[in-house]
Each structure stands twice: as structure tokens, then as C-alpha cells.
Amino acid sequence: MLQWLGMPVAASAHAGQVDQIMVLVHWLMLLLFVGWSAFFAYVLVKFRRSRHPVASYHGVRGWWSNVAEGGVLVAEVVLIAFFSVPVWSSRVDALPSEDEATVVRVVAEQFSWNVHYPGADGRFGRTDIKLVGPDNAIGLDRGDPVGKDDITTINQLNIPIGKPVLVLLSSKDVVHSFGLPQMRVKQDVIPGISQPVWFTPTVAGEWNIACSQLCGLGHAQMRGLYKVMSQTDFDAWLAEEALYIGL
Ligand SMILES: [Cu+2]
């Protein structure tokens, strides 16, 4: 079933769990589609006009329709309680600690993704809406001692492989949605809220960050790139970026 669904490559540690739910839901939907279609064909024949010149007000009767409905209900409850809720809770409750994770801020705006790394000190500098300008999309205060070494990029999110990545999402304007299909990550980005989302990349590669909420006229162009690389390459890249800001 998974091959038929045409899912993008599964490149994060939890991707298999999400795919398993996708497969189970699609099997259930296939079963319902076939069952309902067969039932529809059955009633078309059974209640055809030549046999029933006067409408039947009772229709199909019998215990098996109740059993079928009960079965669907049980299957849906099992899917939610035993598959979806545990996976969802590990996504939103069991956040990795900031010491063990690569922490990065992503600030969405119409129509780009601003990325903010804390730099060598591991702490994010102060940001202020008053400092936002053409060359400072997130309003980072370079005068703040903690912010001096911070690194910012636009539409380019580089992350190391094999350890948790904790992304702190926020928005400068409207609701966006941070979608990394290969990581099986999709999280709405809400103005006024810093929303964490996390995943552990397991496959190196370069793919698109897709905005998954219609956020305005340029929504379709709101694409960034994210690149999963080795820790060595990531550290080298951070060091190179630090050179550009004169460190
Ligand atoms: Cu958007």
C-alpha cells in the first residue's frame, strides 16, 4: 500500500509511524469505498421502480448494517486511540531538551522563511520589530552581546543529520504552515506564538520547505530549501557564515 500512495522519501526517525497510520487509514477508506459502492449497487437493483411502483418508506432492514456501522466505529476509535494520539503526543509533548537538539528559529513572512541560528554561544539574540528592515528581516539586535554571533539566512535551512532538530516557529504577519514532507512534519505558524516542532533527520538530502496554508497572493512562491547534512559539514557551514558577519 505504501508504494501506491506515492509518499515522498521518509527521511526522519518518526516518518515510519506516520506512514503506518497513512496506510491503515487508506485501507479503512478502501474498505468503506468498496462496501458503500456495493451497497449502493444493491439498493439500486433491489428498489428498482419496476418492482416498487410505490416508494418503500423503510428501505433495507436487518442487523448487518448495524454491525457494519459498529465495526467502522470501532476501527476509527482504534486508529485514533492506539495510533494517532500516541504519535501526536510524542510530537508535541516529548520535546527534546535544548542541549541535545539543534535549535533554530524559523520566522515566516509573506512570502519567505527567515532562519535564525543562535551562533557559537548557543543563545538567540534579542529581536525587535522596530529593527526590521530590508537587510534585517527578523529585526535582530546586533548590539545585544548575545546576538552578535547569531546567523540568519533567508529560505535556506541547514540542519545536521542524526540528532533532534527543534524548530521554534513564529510569524511576522499571517498564518503560514511549515511543511517538510520528507520529515513528515507539518505545523501551522501563528503570529504571536512561538510554536516548537521537532524531528530527527535520518537521510541526507536537499528538499523544499513548503508553506502549507494559503497565506496570500504569493503563497505558491513561498518556498525555501532545507538541507540535511553531516554534523561536520554543518559546523563548517556555520563557521563560514560567521565569517560573513565578521567573526
Ligand atoms: Cu505562507
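The values are calculated or read from the model by the stated rules, or taken from the named source; none is laboratory data. All of these numbers come straight from a predicted model, not from anything done at the bench. We place every Cβ from the backbone using ideal geometry, glycine too, and count neighbours over all the protein chains shown. When the accessible area is computed, the model is the full protein with side chains, heavy atoms only, and any ligands, DNA or RNA have been set aside. Shrake-Rupley method; radii C 1.70, N 1.55, O 1.52, S 1.80 Å.
When region 143-158 is limited to residues that are without any contact (Cβ under 8 Å) to a residue 40 or more places away in the chain and over 10 Å from HIS116 (Cα atoms), the one that is nearest to the chain's Cα centre (by Cα) turns out to be GLY147. Do you know which of the residues in region 221-247 that are of a type in the set (S, T, N, Q) and away from the ligand (no atom under 16 Å from the Cβ) is least open to solvent (accessible area, probe 1.4 Å)? Across region 221-247, the extreme among qualifying residues is SER230.
In the set (1) under 30 Å from ASP233 (Cβ atoms); (2) of a type outside the set (Asp, Glu); (3) touching a residue at least 60 places away in the same chain (Cβ under 8 Å); (4) open to solvent by 40 Å² or more (accessible area, probe 1.4 Å), ALA108 fails one condition alone, (4).
Are any of the residues in region 77-86 within 36 Å of the chain's Cα centre (by Cα) and on the phi > 0 side of the Ramachandran plot? Within region 77-86 (the criterion being within 36 Å of the chain's Cα centre (by Cα) and on the phi > 0 side of the Ramachandran plot), the answer is no, since none of the residues qualifies. With respect to the conditions (1) away from the ligand (no atom under 16 Å from the Cβ); (2) acidic (Asp, Glu); (3) in contact (Cβ under 8 Å) with a residue 24 or more places away in the chain, ASP188 falls short on a single one, namely (1). Being more than 24 Å from PRO196 (Cβ to Cβ), outside any loop (DSSP other than H, G, I, E, B), modelled with pLDDT of 95 or more and hydrophobic (A, V, I, L, M, F, W, C) is not true of VAL103.
Taking LYS130, is it farther than 27 Å from SER12 by Cβ and either touching a Gly at 6+ places or on another chain (Cβ under 9 Å) or outside any loop (DSSP other than H, G, I, E, B) (or both)? It is true that LYS130 is farther than 27 Å from SER12 by Cβ and either touching a Gly at 6+ places or on another chain (Cβ under 9 Å) or outside any loop (DSSP other than H, G, I, E, B) (or both). Residues that are without any contact (Cβ under 8 Å) to a residue 60 or more places away in the chain, open to solvent by 80 Å² or more (accessible area, probe 1.4 Å) and hydroxyl-bearing (Ser, Thr, Tyr) occur at least once in region 38-55. Residues in region 169-185 that are near the ligand (Cβ under 10 Å from one of its atoms) and β-branched (Val, Ile, Thr): 2 in all. Pairs are defined by a Cβ separation below 6 Å, a sequence spacing of at least 6 or placement on different chains, a first member in region 193-213 that is under 16 Å from ALA15 (Cα atoms), and a second member that is within 13 Å of the ligand (Cβ to nearest atom); the pairs so defined are VAL197/GLN187. Considering region 68-94 alone, what residues qualify as being in contact (Cβ under 8 Å) with a residue 12 or more places away in the chain and either in a strand (DSSP E or B) or over 24 Å from LEU225 (Cα atoms) (or both)? ALA68, VAL72, ALA75, GLU76, LEU79, PHE83, SER84, VAL87, SER90, listed by residue number. Evaluating GLY218 against the criteria (1) farther than 28 Å from SER89 by Cβ; (2) within 12 Å of the ligand (Cβ to nearest atom); (3) small (Gly, Ala, Ser); (4) surrounded by 13 or more Cβ atoms within 10 Å (Cβ to Cβ) leaves one unmet condition, (4).
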